[in-house]
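Single-structure report; data block below.
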Amino acid sequence: MAPRHFLTLLDLSKDELQTLIVRAIELKAMHKAGQCPQIFKNKVLAMIFEKSSTRTRVSFEAAMSQCGGSAMFLSPRDTQLGRGEPIEDTARVLSSMVDCVMVRTYAHETIELFAKYSKVPVINALTDMFHPCQLLADIQTYIEHRGSIQGKKVTWIGDGNNMCHSYMMAARQFDFSLAIATPAEYQPHADVVARAEDHASLYTDPVPAVTGADLVSTDVWASMGQEEEQAKRIQVFESYQVNSRLMSLAKPDALFMHCLPAHRGEEVSADVIDGPQSVVWEQAENRLHSQKALLEFLLITQAVTQ
Ligand code: CP
Ligand code: NVA
């Protein structure tokens, strides 16, 4: 049987995602109680990072170690990938040796190609198009604070980037409505808008987008790989900063999220990210717990089902 992959949130069914979040909350409680179920004993995760990472690398590596398995960090600089070995060949070789491969890369097509040739599950740890692992943590965090996210109003402010695209897929899978405020030339890709079905609406003015929101989320204005556009983007995005004026338009109990790393004074003001509505630290911590649940689903649950 072909392995299940996690390249976007659409790779799991709505029911599978709900079950995964419940399990993430359970694994978190066990972790806090000092219990580490050894569910990944003898399992090995290979982690290919073509871009920098703090949270993703540490959370995946810690998840594997805490549950009895191991993870190895691979960068193009130190592997033959950086010297031009084809993705297909790398996928065939790695997947003959390890139980799961996590990839952070640029073009989404790269990870799709890797998955096509992999005999083991492949996890998207961020591409230019999607960052689905982050959304597992974000949804877990929302549910822990406010209960079900179904039917809620979520607002995305800033760049129509990989995180925005992932929120759009989450809106469809977890059944919330997503209001997206971006400058006109930085709107999300039209094909992703179409795949969000009727769950996403686009704005250029952040005011109507954020009014009455239950959750407000943003991200850096220049993502990894766009560093040379930083100065231009700071000008274009100036009126899209999530600050206390904008947050005051959301519901009084609205939460603020940011996948991190953040640039205080650019996409978010310091008083918002460090303020009482911000849940960014739990959001980051939940990467650990939700990815344990994801790894368990791909490595254990699927192996039993197949
Ligand atoms: N949010 C996130 O993926 O962070 P890192 O780039 O540090 O992994
Ligand atoms: N949009 C950001 C997310 C970082 C976790 C980037 O791609 O750099």
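Read-outs: derived from the displayed coordinates by stated rules, not from any lab. Remember, predicted model here, so these are calculated numbers, not experimental data. Note: ideal-geometry Cβ built from the backbone for every residue, glycine included; neighbour counts use all protein chains shown.
Quick notes
- Amide H partners (placed H, <5 Å) of residue 242, local residues excluded: 268, 269
- Where labels lie 7 Å past Cα in the beta-carbon direction, separation of residue 190 and residue 148 in nm: 3.6 nm
- Anisotropy class of segment 1-45 from Cα gyration tensor, a/c 1.5 cut: oblate
- Using just its DSSP H runs of length 4 or more, each adding -39500 (n - 2.57), the chain gives a mean residue ellipticity at 222 nm of -11500 deg cm²/dmol after division by all residues.
- Relative exposure of 83, 55, judged by other C-beta atoms within 10 Å (fewest first): 83, 55
- Kirkwood hydrodynamic radius of segment 92-221, from inverse mean 1/r over distinct Cα pairs, in Å: 15.6 Å
- Between residue 83 and residue 42, the FRET efficiency from the beta-carbon distance, with R0 = 25 Å, is close to 0.20.
- Cβ-Cβ FRET estimate between residue 202 and residue 175, R0 fixed at 30 Å, reported to 0.05: 0.95
- Share of Cα-Cα pairs in segment 45-109 lying beyond 17 Å, as whole percent: 40 percent
- q = 0.15 Å⁻¹: log10 I(q)/I(0) that the Debye formula gives for segment 230-306, counting C-alpha atoms only: -0.65
- Taking a sphere under 12 Å around the Cβ of residue 75 and counting the other residues whose Cβ falls inside, with K and R at +1 and D and E at -1, yields a net charge of +2.
- Approximate spin-label separation residue 301-residue 15, in nm, with each point projected 7 Å along Cα-to-Cβ: 1.1 nm
- Kirkwood estimate for segment 148-306, i.e. one over the average of 1/r between Cα atoms, Å: 16.3 Å
- Prolate/oblate/rounded label for segment 163-253 (Cα gyration tensor, a/c 1.5): oblate
- Along principal axes, Cα extents of segment 3-156, largest first, whole Å: 48, 36, 27
- Measuring nothing but how far apart in sequence close Cα pairs (under 8 Å, 6+ apart) lie, relative to its length, the chain scores a relative contact order of 20 percent.
- Taken about its Cα centre, the chain carries a charge dipole of roughly 860 debye when the Cβ of each Lys and Arg holds +1 and the Cβ of each Asp and Glu holds -1.
- Long pairs among 28/251; 153/251; 153/292, criterion Cα-Cα beyond 21 Å: 28/251; 153/292
- Within the chain, the proportion of Cα pairs with more than 25 Å between them is 47 percent.
- Cβ crowding within 10 Å, taken as a proxy for footprinting-reagent exposure, orders 1, 30, 97, 129 from fewest neighbours to most as 1, 97, 30, 129.
- For the pair segment 181-260 and segment 136-154, the centres of their Cα atoms are 18 angstrom apart.
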